[in-house]
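Trainee: Below: one structure in structure tokens.
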Amino acid sequence: MAKQTTDQTGFSDVAAGVDAVIPARKQSWLQYYLPSILIFIFAIVTWELFVRLFSIQEFLLPAPSAIYNSLSLNLNQLLKLGWFTTKEALGGFAIGCSLGILVALATARWTIATEALMPFAIAANSVPILAFAPILNNWFGVDNPVSKMAIVAVIVFFPVMINTVRGLTLVDANALELMASYAANQYDVLFRLRVPNALPYIFNALKVAAALSMIGAIVSEYFGGNRSALGVYITQEAAQFRFANAWAAIILACIVGITLYLIVLTVERFAIPWHPSVRGEER
Amino acid sequence: MPPTVSIQNVSKLFNPGQANQVLALKEINLDILPGEFVSIIGPSGCGKSTLLRLIGDLTTPSSGAVLVNGKPAHQARLDQDYGMVFQAATLYEWRTVSKNVQLPLELKGIAKTERENRAKEMLALVELAGFENHHPWQLSGGMQQRVAIARALVTGPQLLLMDEPFGALDEMTRERMNQELHHIWEQTNKTAVFITHSIAEAVFLSTRVVVMSVRPGRITQVIDIDLPRHRDVTTREMTRYFELVNQGREALRRAEAGL
Ligand SMILES: Nc1ncnc2c1ncn2[C@@H]1O[C@H](COP(=O)(O)OP(=O)(O)OP(=O)(O)O)[C@@H](O)[C@H]1O
Ligand SMILES: [Mg+2]
């Protein structure tokens, strides 16, 4: 009987198969993120159960529900603190990234200088720049957000600069020959070939920089800072054993970091829709 | 009138003095007169692309001289005396098809509307009307190569340098493209240097076919194509056409044997 049915509906099975494929493509957003969402929910539930079942002390690990309570109780204050620190992160991000791109553009103009300076830039990139936080606090004043912006700027400068230089120089030899065959001047080569070629590299660096800038701002606040800063709040609450509050602030910082990253990702999709990394996701 | 291209005793040695030293071209002599259509044919690696790049001043000879329009090749490049079709299509992936074709006009500072019109015209010529706003990755290899041809033609250069432009095309499209290229050459009295692996294509298009041999790359034979200057579908049915194709095949066989 079952066999007969499949025989009879042979054609409609094929049709159903096609139908099944098309709506699946429309739902691909949900399909794509569903596993991540499930894993997230699973992790939160496990965490909560773990803390309750084993009666874990709050100073070791507060339960998600406790963190949520703290978050909703102190939301207004946390948002104010978060905004203060986000402004530091954004300021440093803007200064560091623009300087990184500008310096890279300048060095593309003087190739020999680039080759001489790149080893130093790469070395500087592996220096733990946060170690300078106390010194920069001293230069600009602990309470002054500029000291934090300076640290963030220095942190994001090197990856952005190095990646931009890479994008400006790693150009297809044929593409350069095409320009040469038209006797193109160096500005045309720079702006019509090297810069578009560098954009994917720059966006990769900006994504890294977005995450780094929030980390940099908070950690530099651990070395002392304005009372209305998120990093200062985290250290204070932790020192007074109010760990749920500290965790709530950390969660907020994570959300801000991820948001900054997503903003860069969105700008990237509009700026370089032609790049395989962007157009590949559309399938 | 000076020859459009004059290659005088040119040799090209890559990586001289190193373990991977290659004598890509040895003592090449070739004059190409205005209005000629010269095809270069020969086994892979015999230096065809290198020869074309020497004419375009994209590489320099190790010895000998290359003159274009009576000037050193370098000056001719600065004067933009030629249009080049590379062996790889070399389209910029961030530009649409139309914008790729417009690139040489942009470099010359030509206004937008004229650029767009000329690109449209050239794309129609290579049978790609309607693909203006596509991106290169949305086209097949043969279509990309035709965009590259449109780009080389768009500035209307008197000298065309083409490196296997129809390599990726199916037989029928290739014949139509040959007809179109012949038409352009005949109408505008351009000079063309054309690399191909197809003897039939070389004979159909050319006034002369240069046969090269490998290791070291050198010219082994030059075949005058004494067919009427105008070519069309009937050309491929002429007895003389068959004779010339056979002659070319024989010359290529000898070249591949290194004779
Ligand atoms: N930039 C380079 N550096 C070193 N060797 C090179 C370079 N370019 C070409 N050659 C060598 O010169 C020789 C000729 O190369 P060329 O590209 O001119 O050959 P071709 O006749 O165009 O071959 P094909 O038909 O496969 O395109 C080859 O042996 C190649 O390895
Ligand atoms: Mg070649």
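Trainee: Under a point spin-label approximation (7 Å from Cα along Cα-to-Cβ), what is the B:Asn9-A:Val208 distance to one decimal in nm?
Mentor: In this crude label model, B:Asn9 to A:Val208 measures out at 5.5 nm.
Trainee: What distance in nm lies between label points placed 7 Å from Cα along the C-beta direction at A:Phe241 and B:Asp232?
Mentor: Taking the simple label geometry, A:Phe241 and B:Asp232 are separated by 10.2 nm.
Trainee: Given q = 0.08 Å⁻¹, what are the Debye log10 I(q)/I(0) values for chain A, with equal point scatterers placed on the Cα positions and solvent ignored?
Mentor: Computed log10 I(q)/I(0) values: -0.53.
Trainee: Sequence-distant or interchain residues sharing an amide H contact under 5 Å with B:Phe37, placed H: which?
Mentor: B:Ala192, B:Thr207, B:Arg208
Trainee: Something else about it: Just to confirm the filter: which chymotrypsin sites (Phe, Trp or Tyr not before Pro) across the stretch A:47-125 are DSSP coil and have at most 16 other Cβ within 10 angstrom of their Cβ? Don't skip to the end; give the middle numbers.
Mentor: Details: sites: A:Trp47, A:Phe50, A:Phe54, A:Phe59, A:Tyr68, A:Trp83, A:Phe84, A:Phe93, A:Trp110, A:Phe120; in loops: A:Phe54, A:Phe59, A:Trp110.
Answer in residue order: A:Phe54, A:Phe59, A:Trp110.
Trainee: Where in the stretch B:203-234 are there trypsin sites (Lys or Arg not before Pro) that are in a DSSP coil and have at most 14 other Cβ atoms within 10 angstrom of their Cβ? Show your work: numbers first, answer last.
Mentor: Details: sites: B:Arg208, B:Arg218, B:Arg229, B:Arg231; in loops: B:Arg229, B:Arg231.
For trypsin sites (Lys or Arg not before Pro) across the stretch B:203-234 that sit outside H, G, I, E and B with at most 14 neighbouring Cβ atoms in 10 Å, the list reads B:Arg229.
Trainee: Can you pull the one-decimal nm distance between simple spin-label points at B:Glu127 and B:Gln21, each 7 Å off the Cα toward Cβ?
Mentor: Each label point lies 7 Å from its Cα, and together they span 4.8 nm.
Trainee: What value, in deg cm²/dmol to 500, does the helix sum -39500 (n - 2.57) over DSSP H runs of n ≥ 4 give at 222 nm once divided by the residues of chain A?
Mentor: Values: 14 runs with 227 residues, N = 283.
Mean residue ellipticity at 222 nm (helix-derived): -26500 deg cm²/dmol.
Trainee: Let me ask something else about it. Kindly list the residues of the stretch A:200-239 that lie in the label zone of A:Val142, defined by a backbone N under 17 Å from the point 7 Å along the Cα-to-C-beta vector.
Mentor: Output list for this probe position: A:218-239.
Trainee: I'd like the mean, over residues of A:175-188, of how many other protein chain beta carbons sit within 10 Å of each residue's own Cβ.
Mentor: Values: counts 6, 2, 8, 13, 2, 5, 15, 12, 9, 5, 1, 0, 0, 3.
Mean shielding count: 6.
Trainee: What list of ³J(HN,Hα) values in whole Hz, one per residue of the stretch B:5-22 in order, does the Karplus curve 6.51 cos²θ - 1.76 cosθ + 1.60 (θ = phi - 60°) give from phi, with Gly and Pro shown as x?
Mentor: After applying 6.51 cos²θ - 1.76 cosθ + 1.60, I find 10, 10, 9, 10, 6, 8, 10, 9, 10, 8, 6, x, x, 9, 4, 9, 4, 10 Hz.
Trainee: Which value in deg cm²/dmol, rounded to the nearest 500, describes the helix-derived mean residue ellipticity at 222 nm for chain B, given -39,500 (n - 2.57) per DSSP H run of n ≥ 4 and division by the residue count? All intermediate terms of the calculation are to be shown ahead of the outcome.
Mentor: Numbers: 8 runs with 95 residues, N = 259.
One gets -11500 deg cm²/dmol as the mean residue ellipticity at 222 nm.
Trainee: Do any residues of the stretch B:91-124 lose at least 40 Å² of accessible area when the full set of protein chains is present rather than just their chain alone, and if so which, with a 1.4 Å probe?
Mentor: Checking the loss per residue gives B:Tyr92, B:Glu93, B:Trp94, B:Leu107.
Trainee: Near B:Lys112, which lysines are there with a Cα under 20 Å away, not counting those fewer than 8 places off in the same chain?
Mentor: Result set, ordered by chain and number: B:Lys99, B:Lys120.
The values are calculated or read from the model by the stated rules, or taken from the named source; none is laboratory data. Remember, it's a predicted structure, so these values are computed and weren't measured experimentally. In this analysis, Cβ positions are derived from the backbone assuming ideal geometry, glycine residues included, and neighbour counts consider all displayed protein chains. Protein only, heavy atoms only, side chains kept; ligands, DNA and RNA dropped before computing areas. Shrake-Rupley method; radii C 1.70, N 1.55, O 1.52, S 1.80 Å.
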